[in-house]
1. With the requirement that a residue be crowded, with 16+ Cβ neighbours inside 10 Å and either in contact with a helix residue (DSSP H, G or I) (Cβ under 8 Å, 6 or more places away or on another chain) or farther than 30 Å from ILE188 by Cα (or both), what does region 1-15 give you?
2. If ALA159 meets every condition in (1) farther than 21 Å from GLN92 by Cα; (2) open to solvent by less than 70 Å² (accessible area, probe 1.4 Å); (3) away from the ligand (no atom under 12 Å from the Cβ); (4) among the aliphatic types (A, V, I, L, M) apart from one, which number is that one?
3. Considering only helices (runs of 4 or more DSSP H) fully contained in region 31-90, which possess at least 3 residues that are within 9 Å of the ligand (Cβ to nearest atom) and within 16 Å of the chain's Cα centre (by Cα)?
4. Can you name the residue in region 113-129 that is of a type in the set (A, V, I, L, M) and free of Cβ contacts under 8 Å to residues at least 24 places away in the same chain and is also most open to solvent (accessible area, probe 1.4 Å) among such residues?
5. Among THR132, THR96, which is in a helix (DSSP H, G or I) and open to solvent by 60 Å² or more (accessible area, probe 1.4 Å)?
6. In this structure, does ILE109 turn out to be of a type in the set (A, V, I, L, M), part of a loop (DSSP other than H, G, I, E, B) and within 18 Å of the chain's Cα centre (by Cα)?
7. Checking GLY12 against (1) more than 12 Å from the chain's Cα centre (by Cα); (2) within 16 Å of ARG147 (Cβ to Cβ); (3) not β-branched (Val, Ile, Thr): exactly one of these is not met. Which one?
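The values are calculated or read from the model by the stated rules, or taken from the named source; none is laboratory data. Given the structure is predicted, the values throughout are model-derived calculations rather than measurements. Backbone-built Cβ (ideal geometry, glycine too); neighbour counts: all protein chains shown. Heavy atoms of the whole protein, side chains included, go into the accessibility calculation; ligands, DNA and RNA do not. Shrake-Rupley method; radii C 1.70, N 1.55, O 1.52, S 1.80 Å.
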Amino acid sequence: MELNLILFGPPGAGKGTQSEYLTAKYQLVHLSTGDIFRANIKGETDLGKQAKAFMDKGELVPDSLTIALLESEVNKHADAKGFIFDGFPRTQAQATALDQFLESKGSSITCLVALEVEEEELRARLLNRGKTSGRPDDVNPEIIQNRIDVYQRETCPVADHYGAQGKYKGVNGIGSIEEIAQRLCEAIDAARVSAN
Ligand code: ADP
């Protein structure tokens with residue numbers, strides 16, 4: 001059976017770092033909507049130009065654009081063993097669209113693993129990352145706060161959406177990279193057993 005994971009958590013929770021490890025371990029295709037948008041900005045595509053205006057302010061890129069992008073990326077990997085969705089879905093509408101899209105392919109989300117990190121720590125991590133990441137949205141404290149607020153308002157409902165399906169697994173996101181990776185694997189392996 002395919003393994004389709006959503007790696008969930010607020011900005012700065014460590015999704016990118018942990019995705020690398022999980023992708024290698026479970027042999028999944030990693031799809032980060034943020035990375036795809038940034039690659040499009042760099043390549044100066046139309047999509048990149050549209051996305052940049054929202055990203056620079058710490059706002060979400062509109063659902064229609066994001067959902068179409070994600071579906072076309074999934075379709076590029078017809079023989080994948082599964083996916084790790086990083087930074088998607090970020091709204092209730094994206095979650096519903098993802099469920100319907102996977103269902104149309106006879107597939108589904110196995111579980112959502114959420115990295116839990118408190119706000120103080122997120123603000124500190126993002127400001128620190130801004131010193132080296134070259135990301136305009138990591139530099140300004142007001143934009144960072146906006147991203148955290150957007151997360152609370154728009155993205156938290158996604159956790160409830162999968163919670164209602166019995167697919168939510170919360171993981172403590174404070175600790176070393178290896179410790180957190182270990183916790184994620186335990187949560188994923190448990191979800192996998194119960195899904196089979
Ligand atoms: P982080 O989680 O650290 O904020 P991401 O790379 O996941 O970083 O996202 C950066 C920005 O890209 C977001 O603030 C948003 O503007 C845009 N973005 C990424 N994924 C989505 C999505 N699923 N829906 C809407 N906007 C998105």
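1. LEU3, ASN4, LEU5, ILE6, LEU7, PHE8, GLY9, PRO10, PRO11, GLY12, ALA13, GLY14
2. (1)
3. Working: elements: 33-42, 46-55, 63-75.
Answer list for region 31-90: 33-42, 63-75.
4. Just the residues of region 113-129 that are of a type in the set (A, V, I, L, M), to begin with: 113-115, 117, 122, 124, 126-127.
Adding the requirement that they be free of Cβ contacts under 8 Å to residues at least 24 places away in the same chain leaves 124, 127.
Details: ALA124: 59, LEU127: 77 Å².
Within region 113-129, the match that is most open to solvent (accessible area, probe 1.4 Å) is LEU127.
5. Working: THR96 fails: open to solvent by 60 Å² or more (accessible area, probe 1.4 Å).
Going through THR132, THR96 in turn, just one is in a helix (DSSP H, G or I) and open to solvent by 60 Å² or more (accessible area, probe 1.4 Å): THR132.
6. yes
7. (1)
To keep it simple, each residue is scored yes or no on (1) more than 20 Å from GLN18 (Cβ to Cβ); (2) open to solvent by 30 Å² or more (accessible area, probe 1.4 Å).
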residue: ASP46; (1), (2): yes, yes
residue: LYS52; (1), (2): yes, yes
residue: LEU60; (1), (2): yes, yes
residue: VAL74; (1), (2): yes, no
residue: ALA80; (1), (2): no, no
